[in-house]
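A.B. asks: Have a look at the structure that comes next, please.
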Amino acid sequence: MLSIGIVGLPNVGKSTLFNALTEKSVPAENYPFCTIDPSVGVVAVPDERLWKLSEMSHSAKTIPAAIEFVDIAGLVKGASDGEGLGNQFLSHIRETDAIAEVVRIFEDENVLHVSGGVDPLRDIEVINLELILADMQTVSKRLANIERDVKRGDKPAIAEKAAGEKIMKVLEEGKLAQTAELTDDEKNIVKSLHLISMKPILYVLNKKAGAKNLDEMAGDERYTQVKKFLQDSGSVFVTVDAGIEQELASIPAEEKETFRKELGAGDDNGVNELIKKSYELLGLQTFLTTGETESRAWTIRRGATAPEAGAAIHTDFQEKFIRAEVVHYDDLVREGSYAAAREKGMLRTEGKEYVMKDGDVVEFRI
């Protein structure tokens, strides 16, 4: 299951966001091998298509795709040297697929900032520097360990050293490991290092209800700077109000919009947007299965073939793949049933080379 670590400095709304997310949690028993831990929440990926399919098929169960969010111990300056809960922070974050970095952009005299004042770009630099320093320790140690193999001409060690030195160069420049220009082979070589700053980062800008977003803060140099950083680095980011999202999370769906407007949040649903952006960040998409037993959403990488998609359900579906019957969600719902879609020629038989599209509804034949 996809796992995202939520990180941030103290008093930026990290745990508030985690609480808002976990109010959307789904039963863990639907997802084998899921970690059971109070700091871990299995969260449904919002997808209206799934519920419409379930209604159409009169499914007994409806199971959404899910993301595991992990509330990482708070980060402080010096975490890479063990300050605060630094070692715990680093060990947990290494196990996640991506990082959601919570950055405070709201002013509140009742919520003290650990650095004395709100400055989102400075906060990003503090967090990212700790990731970089931790990775420098990892790479430096590894390069020292393989030096003997390099000297005796071991080819894998020589290739690993070349990749490691490329990464060390960008780290020493104060840049994230993900900015190193590596070949595909070199990326595979360094995977075993589990470098933190190699992970994709989603920046989560935490604001207050009714507060302006970055586009409306052009007159404030602090926000101009962070916006420029996000644009120049091509970073994926989302703006949320973690406090309001936490308040709204436990309110019945039919009452949410009324309360959202009363609390000054308008139509903005930051938590759903955060989950969707997480999918974008990691290059993922969804395919669907539906029937009387269950309707279910499955997560696959963009560009996956039909047999690879089948493996998300069971390895047999990839190994014994014969064909897949595929219809796009839009066509299936418009026609109202598989039979009607087949009659109109919208239900296709696809083979092993078929590349899946987001929203495909599939029945595998093995």
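A.B. asks: Could you rank the peptides 292-299, 7-14 by their average count of other C-beta atoms within 10 Å per residue, with the highest value first?
C.D. replies: So the peptides 292-299, 7-14, ranked by packing, come out 7-14, 292-299.
A.B. asks: When Lys and Arg each count +1 and Asp and Glu each count -1, what net charge do the other residues less than 13 Å away from Ala312, Cβ to Cβ, add up to?
C.D. replies: -1
A.B. asks: How would you rank 130-138, 144-152, 348-356, highest first, on the average number of other Cβ atoms within 10 Å across their residues?
C.D. replies: The peptides rank, most packed first, as 130-138, 348-356, 144-152.
A.B. asks: Okay, moving on. How high is the FRET efficiency from Asn188 to Glu343, r the C-beta distance, R0 45 Å, rounded to 0.05?
C.D. replies: So the FRET efficiency works out to roughly 0.45.
A.B. asks: Moving on. In this model, which of Lys52/Lys277; Lys141/Lys277; Lys166/Lys227; Lys277/Lys357 are farther than 25 Å apart at the alpha-carbon?
C.D. replies: From Lys52/Lys277; Lys141/Lys277; Lys166/Lys227; Lys277/Lys357, over 25 Å: Lys141/Lys277; Lys166/Lys227.
A.B. asks: Calculate, for Glu173 and Glu55, the FRET efficiency according to 1/(1 + (r/R0)^6) with r their C-beta to C-beta distance and R0 41 Å; round to the nearest 0.05.
C.D. replies: 0.15
A.B. asks: A follow-up question, please. Report the accessible area of Asp220, computed with a 1.4 Å probe over the heavy atoms of all protein chains in place, in Å² rounded to the nearest 10.
C.D. replies: 50
A.B. asks: A further question follows. Output the peptides 121-128, 176-183, 153-160 sorted from most to least packed, where packing is the average of other Cβ atoms within 10 Å over each peptide's residues.
C.D. replies: By packing density, highest mean first, the sequence is 121-128, 176-183, 153-160.
The values are calculated or read from the model by the stated rules, or taken from the named source; none is laboratory data. Since we're looking at a predicted model, the values are computed, not measured. Because the Cβ atoms are built from the backbone with ideal geometry, glycine has one as well, and the counts that use them run over all protein chains shown. Note: accessible area is taken over every heavy atom of the protein model, side chains too, but ligands, DNA and RNA are not part of it. Shrake-Rupley method; radii C 1.70, N 1.55, O 1.52, S 1.80 Å.
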